[in-house]
1. For the list (1) in a loop (DSSP other than H, G, I, E, B); (2) buried (at least 17 other Cβ atoms within 10 Å of the Cβ); (3) touching a Ser or Thr at 6+ places or on another chain (Cβ under 7 Å); (4) not acidic (D, E), I need the number of the one condition that A:P304 fails.
2. Residue check: is B:V196 under 13 Å from the mean Cα position of the chain (by Cα) and modelled with pLDDT of 95 or more?
3. In region B:253-269, is there at least one residue being surrounded by fewer than 18 Cβ atoms within 10 Å (Cβ to Cβ), within 14 Å of chain A (Cβ to nearest Cβ) and either closer than 30 Å to A:A46 by Cβ or not β-branched (V, I, T) (or both)?
4. For region B:39-53, which residues satisfy the criterion of being more than 19 Å from B:D81 (Cβ to Cβ) and either modelled with pLDDT under 95 or assigned to a helix (DSSP H, G or I) (or both)?
5. Could you identify the single residue in A:S280, A:S207 that is away from chain B (no Cβ under 14 Å), part of a loop (DSSP other than H, G, I, E, B) and free of Cβ contacts under 8 Å to residues at least 24 places away in the same chain?
6. Need at least 2 residues that are touching a strand residue (DSSP E or B) at 6+ places or on another chain (Cβ under 6 Å) and without any contact (Cβ under 8 Å) to a residue 24 or more places away in the chain per element, so show me which helices (runs of 4 or more DSSP H) inside region B:359-450 make the cut, counting only ones lying wholly within it.
7. I'm told B:P360 meets every condition in (1) surrounded by fewer than 18 Cβ atoms within 10 Å (Cβ to Cβ); (2) modelled with pLDDT of 85 or more; (3) away from every other protein chain (no Cβ under 13 Å); (4) over 25 Å from the mean Cα position of the chain (by Cα) except one. Can you identify the failing condition by its number?
8. Does A:E322 satisfy the condition of being more than 19 Å from A:K414 (Cβ to Cβ) and either assigned to a loop (DSSP other than H, G, I, E, B) or in contact (Cβ under 8 Å) with a residue 24 or more places away in the chain (or both)?
Amino acid sequence: MRQLEKLLRRLPARGFGYSTASGGWRSTVGLELHVQLLAKQKLFSAASAKWNDGPNTNVYMVDASIPGSLPRLNPHCVQLAARAILGLKGQVQPVSSFDRKHYFYLDQPLGYQITQQFFPIGKGGFIELGQAEGLGYSKKVHIHQLQLEQDTAKSIHDVYPGHVLADLNRAGVGLIEIVTRPDIETAEEAAQFVRKMQVLLRHIGVSNCNMEDGSMRCDVNVSVYRDGNDRLSGTRCELKNLNSLKVIRSAIDAEVSRQVGLLTAGKEVEQETRGFDARSGTTFLTRSKEAAPDYRYMPDPDIPEVHISRNWVEEVQRTLPELPEMTRERLKKQYNLTKEDIETMINEPGCVSFFEQLATTRDPKRVASWVTSEVFGQLSYRAQRLADSPLTVAQLGELLDSLANNAITSAQAKQLLIEFMDGETRSTAELIKAYGWKVLDDDSLIRQIAKDILDKHPKEVSGYLKGQARRLNFLIGKTMQATKGQARPQDVSRIVKELLESASAD
Amino acid sequence: MSFSRIPRRLVHHRCCLTTHSNSPPTVDSALETISQRNPSLNAFVTSRVPAELAETAVADGPLKGWPVGIKANIATVSNSDTDVTSCGSHALQSYKSPFQATVVDALERAGAVVMGKTNMDEFGMGSKNTYSIYGPARNPHTSEPQDKDPCQIYDRSPGGSSGGSAAAVASNMCRAALGSDTGGSVRLPAAWCGIVGFKPSYGRISRYGLVPYGSSLDTVGIMARSVQDVQQVFQAVSRPDTRDMTCMTELLRSRINMGSQSRPWAARLLSQNDMEAEKPLAGIRIGIPRECWVEELSASALDAWKQGAERLSALGCEIVAVSLPHLSNALPAYYTLALAEASSNLARYDGVRYGLRKEPGNRGPKNLDASRKYAETRSQGLGAEVQRRILLGTYVMSDAACRHFYLPSQRIRRVIQTEFDSVFALPNALSSEAFEKTLLDWASGGRSAGVDALLFPTATDTAPPLLEGREENTAASYVNDVMTVPANLAGIPAISVPVGHKDRMPIGLQLAAQYGDDELLLQIARYLGA
């Protein structure tokens, strides 16, 4: 299956879909990504940025636009934005400033959003797409600019009929908006670009980038042109609020198809804003050009220009972790991990470092398998991120060591892992003592127990001896049970087999 | 705004007001004066009652026991239900601030006692204090009857927008008052009411808690009967504040001080016994800006200006003419920028979180359309002048008009700033290179060409009658600000000092200095008053 998928992915090379299928039409795509910053406090207030706490609990004066209150720039947000632009290999601007973007809506308490329209903090940079993303070619998608801005409040409809509720927790949370140049040519490239951006921003600790909970949001500009024409000659439409990679792919394809349909029918594409209806797989008009608001951008007089020194930028650059491509290569070389394990770990913020701290003194393959299967199994069961789990490197390290030293069985180890992830703070040694666990490694004792089991189940024994191999697992299982899980499975298996062999020899 | 609320009343009982008692008011005497005079002057719109004041602990500081008035657009917190921060607006008529302005905290820490909130033009928008939900404040000074018909004698305007603060100080209802000055709102009423009004450099006093009008121009201002009182208040409230990013940092303050005080005459002027010297202002150069000699300037204002210059000259100042060629563009640029910022700053009064909220009438099947609610709330909550300014401000920011109004005004503002920099001897501390270079030059005995302060009228004439201009073109009333807006555009300190009278009405003169040069400007201003 996976092979087939890979093959299919490679097929739609440059000029996916309509470029070839529809009489020489090609598409041009640009993205605007809104990414919530992993800062503890809001962009312009000291209120907690946890927007999913109880409604209207994380609101300071300026978040509710209390008259006379003033914004105060959170330097951590500036640092995260700088990390992002450096991670994209762009440049932090020595001087940037904030502007007001005006519109009336109850999700905008100030009557304007504070953003960076004229002098953004970051410019330039790119993300490279290629083989690793399943493309049959490689290309760079360039970043036009990266700006800091405020998130809006949440408006809640339909809870009280006739009323719209406002939750100001999210009002003023720091975002970065990343605007690409129109370098993207296909829906697949767009989706792969977003995926790679997610990996990068998670990896450098800028954002969680979860499209499901809105910590990453995507708007897409799409236009089409006939092969041979200027690739920016088409009229573009903006698709707003695309909330998954799948939707990004489908929406772009649908919009390209709609525009090509209009043009081939001799009609014109109007510049407008559209949404995507996943059920019908089509885009629909949300705002025509005439209805486009005039945002009346104005430099924000409450916030002085931000001046950034070269030293400061160098300092941020120094604290930047290795970028994902390099990490991938290194993990492969240094630990010889599988591609799947590497991808899993790189996609989880903090995981690579978690793994490496464990792997320095232990068998990396074994550590990787525990992290990616056992720990991740628990995380996904709990719908939790590694960074939010109480599990520490020290805990898992001691656990793996106890397992390697045969102080506990793997069943016991898994039980302890669950307890650690539930918040248990005692050490593995303390827990072993508390539970009275010892590994049963006295062969004669195991042999005694196994003999009892065989005696009690003559039917299964004779069945096995007649060639029914599955009876073996039953007998091993029964014996393990009888040892209360304290014996190592490999020991039990060896002894049961020995006993059966001697029985058949009898 | 309805003018029917202005009583046409004889004013003889207030004629004695201009003779001030020499001892400054105490909390008790202020309470007494408020109860007697406020009903006719309408200076305080909320005032604290004796019982409440008795409960207030007074800090032991340099302003201990000073009764002070706070303009209604500066946030205060007290136990009183009537202590609203209304900004003179229906939209905030019963709005109680959840926090207190940094500047009020500082006053209270220095021992001042807040007597109440003072009248103002709604959100600071006006020059005569006529656009207030409380009705206008009135000028304690009244002119000699022009003829025998008593109906011809109308109350005079105290000026705006800080008219209540000016009237309160002038009538001894408090010893000092805070105002706000976006385009002259402290200096113009000070001049018209015969008191001292000081607009510090932008960023000297924290704006945290000042309800904004034009944030890049807004400054908290100080009003008192003497320059010495203004100085004492200024010392108590001119502090860095991390809650206001535009407030000067300690670093910038000490940098400016170093430059400002490195002039040879500075040490002498700052010492205590300078008043006794024969020529205490020797070495100081005062500039007379040619462009302030405008057509609208009345003969009495011009006379006062000349006399002021002669007085400073007699005290040792060198008087020179200077030119600020683009000063005539200041007024249109100011109104464009201030109104643009106002349209932005006042967008928050939508009735969603606080303040007045109005539902639209039954004009539609279901009133779920939020924009109609906003429109109704804002149409009813904001007065005619505020609406006019918001509309103008919205227009000059619009896509179509921005290039013709907003952007050129920004350029004019920068040109005017540069022109001010070019006439002052002290370089602007915000341009580090010039600042360092000049200081080095001074250290080696050099002397800059520029002036240390500028002298020009505060207003083109004395306070007009309140009822004048009722049917007039609004734009004409904006001309009142022609002398005061340049200092706001440039962010420089300026002070209006009373220098004389015409027909018993006070006249004020302004002194302005380089950005940050507040302390020495105040020292010079002490000599200007009559």
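The values are calculated or read from the model by the stated rules, or taken from the named source; none is laboratory data. From a predicted model like this one, the values you see are computed outputs, not experimental measurements. Glycine also receives a Cβ, built like all others from the backbone with ideal geometry; neighbour counts cover every protein chain displayed.
1. Evaluating A:P304 over (1) in a loop (DSSP other than H, G, I, E, B); (2) buried (at least 17 other Cβ atoms within 10 Å of the Cβ); (3) touching a Ser or Thr at 6+ places or on another chain (Cβ under 7 Å); (4) not acidic (D, E) leaves (2) as the failure.
2. Values: under 13 Å from the mean Cα position of the chain (by Cα): yes; modelled with pLDDT of 95 or more: yes.
Yes, satisfied.
3. no
4. Taking region B:39-53 and keeping what is more than 19 Å from B:D81 (Cβ to Cβ), we get B:39-43.
Hits for region B:39-53 are B:P39, B:S40, B:L41.
5. After applying the criteria, what remains is A:S280.
6. Working: elements: B:370-381, B:384-397, B:406-423, B:432-443.
Answer list for region B:359-450: none.
7. Going through the list (1) surrounded by fewer than 18 Cβ atoms within 10 Å (Cβ to Cβ); (2) modelled with pLDDT of 85 or more; (3) away from every other protein chain (no Cβ under 13 Å); (4) over 25 Å from the mean Cα position of the chain (by Cα), B:P360 breaks only (2).
8. Working: more than 19 Å from A:K414 (Cβ to Cβ): yes; either assigned to a loop (DSSP other than H, G, I, E, B) or in contact (Cβ under 8 Å) with a residue 24 or more places away in the chain (or both): yes.
Yes, satisfied.
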